[in-house]
Amino acid sequence: MAARRYSTLAVYRRLLRETGGYRLHLAAIFFFSLLAAPLTLLIPIPLKIAVDNVIGSRPVAGRLAALLPVSMASGTPLLVFCVVLLIAIYCLHQLQQHGTAVLKIYTSEKLTLAFRAKLLRQAQRLSLFYHDSRGTTDSTYRIQYDATAIQWLLIDGVTPFVTAAFTLCGMIYVAASIDWQLALVALAISPVLALIVYAYRGRLRRKWNQAYQLQSSAMSVVQEVLSAVRVVRAFGQEEREHERFIRHSSESVWARIRIAFDEGSFGLLVGLTIAVGTAAVLFIGADHVRAGALTLGGLLLIMAYLSQLYAPLETLSSMATHIEASMVSAERAFSLLDEPPDVVEKPGAFPIGRSDGAIAFRRVAFAYENDRRVLDDISFDIAAGSRVGITGMTGGGKTTLVSLLTRFFDPTAGQILLDGVDLRDYKIADLRNQFAIVLQESVLFSASIAENIAYARPDATQAEIVAAAKLAHVDDFVVRLRDGYDTQVGERGMSLSGGERQRIALARAFLRDAPVLILDEPTSSVDMKTEALILDAMQRLMYGRTSFIITHRPGMLKNCDVHLEIENGRLREVARAAAAGGS
């Protein structure tokens, strides 16, 4: 998914809309950051006083003479005053930096968390086809890594720029009041730095975009290998996958090296420009001191300001590379947010409590893409409480048909009715509460057995969880476990057998207690003994519910009221009652 290009102003406008309840925090960060400007301006003052009025024996004049008593206006008392003033300024400066840093960290982490949560919510709303076609790794990368752009651009990027701008204005004003020619020379390099930044930013943004795509690709290899590690080992392909990871990662490494080369060239030009500006000020300033137009303390003050001015300018110029990287990250995050979900809730959709479970398909067609039709002209009626067997060749459209029923997708033509109402007229959350699903490959989470059963109803009591487990024959093996229902199942439930995982999935469906049940090859990968337990649980689970059973086993059809045979996306046969048993 290529990231859409946004202008810099558009990115900042959109990021500001994401700040939500943290705008006061951002304002406080700006306020405390701006305090750095006057404190920075004060730091060289004690040095100038010590050089001109203590070492150079010049009399104290101006505002300082009005503030200091006569007894402290010269000699050792004045030197002690300079030392105390310097310590006080540094203490205030450190307090300001500490307070700003803590506030920055708090606001940054909160903003990033909120942005990540928004990206995750959007990723969950996108269609299954989106995730199937693009893979989950790219979305994961954008949620985990690209989301940090909000803190980089709004806090780590903007704040130093604003602070530096105020510091620059203050230093130029003070320097100009001492020697306007030196101030003009010092300021002359700013346009040059701006031109350098402008020349490099477009190239850096393009290269960062490519680097992020390559990093996401390398990350996808890791995810694929670890999620299929049993298959990799079974076929002895560890070395091949290792080389594949190295190949993808090497492309990412070289992309980062090319960026580092450009950043180094950029930094070299910035450093050279600053060195020329500093040398010019020193040369002209020394000439002014010899001519008596400027005191040595004045030159030292200007040089001190210059070092403090050029340091943030150099830092900000070098930060331009990180800002461009963050701009790319922001664009990638916004591209995910802007991806339209295939299934949207229509305005005015109405709720549904518990449906009867009557299902009707009216000339339904579906295509993942315009030139790839999966289902075509599907029509049938299912009475509430019926048991429906669905058979057909692999890839014929069986799973797609029930995915349309749960509104994971919307049909490209025709209607699907639940209790006589188009599915698109219901609220999505209420609609999906009407279904319980047991898949061929049971999906468990890294949690306890009880938590996995209660995934269907997080508010279920322990008694309800145990009751559902007994109906699905889960209690038979749980009682033998040391931690019982608190036993952790491991990632994707891999600490349990396939049959145990499938029975937990059935217990989850029992607890859901939905009026419509979908069973997708529920006994395809279990032994005969486990299959008997699952079939017994299924019979109880289907009682009083409209049930759809996708199967390749003819024996599963004997208790079905309706048999649908799907072939190449078309409904080849609809057999009912006794006819279904012989199909």
Taking the chain and counting helices only, DSSP H stretches of n ≥ 4 at -39,500 (n - 2.57) each over all residues, the nearest-500 ellipticity at 222 nm comes to -19500 deg cm²/dmol
In nm, give the distance between the simple-model label positions of S133 and T8, each being 7 Å from the Cα along the Cα-to-Cβ direction.
3.5
Within a 10 angstrom radius of the beta carbon, how do T295, T273, T136 rank from fewest other beta carbons to most?
T136, T295, T273
Separation of the F161 and F380 label points, Cα + 7 Å toward Cβ, nm:
6.1
Share antiparallel - DSSP beta bridges, the chain, percent rounded to 5
50
Per Stokes-Einstein, at 10 °C and 1.306 mPa s, what whole-number D in µm² s⁻¹ belongs to the stretch 8-338, with the Kirkwood radius over Cα pairs as the hydrodynamic radius?
67
For the stretch 359-581, report the convex hull volume of the alpha-carbon atoms normalised per residue, in Å³, without decimals.
121
In the neighbourhood of R14 defined by beta carbon distances under 11 Å, the net charge of the other residues (Lys, Arg +1; Asp, Glu -1) is -1
Hey, rough spin-label estimate for L64 and Q94, points 7 angstrom out along Cα→Cβ, what's it come to in nanometres?
2.4
Please report how many Lys pairs in the chain have alpha carbons closer than 29 angstrom, counting only residues at least 8 apart along the chain or sitting on separate chains.
14
Within 10 Å of each residue's Cβ, count the other Cβ atoms and sort C82, C169 from fewest upward.
C169, C82
Using per-residue counts of other Cβ atoms within 10 Å, averaged over each peptide, order 252-259, 274-281 from highest down.
274-281, 252-259
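Rounded to the nearest 0.05, what FRET efficiency is calculated for Q124 and E238 with R0 set to 25 Å and r the Cβ-Cβ distance? Don't skip to the answer; put the middle values down first.
Values: r = 33 Å, r/R0 = 1.33.
Between Q124 and E238 the formula returns 0.15.
Taking 0.36 nm per residue of sequence separation and subtracting the Cα-Cα distance, how much length would be gained by fully extending the chain between Y198 and K110, in nm to one decimal?
The Y198-K110 span can extend by a further 28.5 nm.
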As I understand it, the value is the acute angle between the Cα axis of helix 158-178 and the longest principal axis of the Cα atoms of the chain; what does it come to in degrees, rounded to 10?
10
Candidates (1) 72, 67, 52; (2) 115, 55, 51; (3) 99, 63, 51; which is the computed Cα extents along the principal axes in Å?
(2)
Do me a favour and compute the ellipsoid semi-axes for the stretch 319-388 from its Cα gyration tensor, root of five times each eigenvalue, largest one first, whole Å.
44, 19, 10
For R17 and R540, what is the calculated FRET efficiency with R₀ set at 56 Å and r taken between the beta-carbons, to the nearest 0.05?
0.60
Rounded to the nearest 20 debye, what is the charge dipole size of the chain about its Cα centre when +1 sits on each Lys and Arg Cβ and -1 on each Asp and Glu Cβ?
860
I need V574, V328 ordered by Cβ neighbour count within 10 Å, fewest first.
V574, V328
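Taken together, the values in this text are just the output of simple stated rules run on the coordinates, not laboratory data. Nothing here was measured: the structure is a model prediction, and the numbers come from that model. FYI the Cβ positions are ideal-geometry reconstructions off the backbone, even for glycines, and counts take in every protein chain you see.
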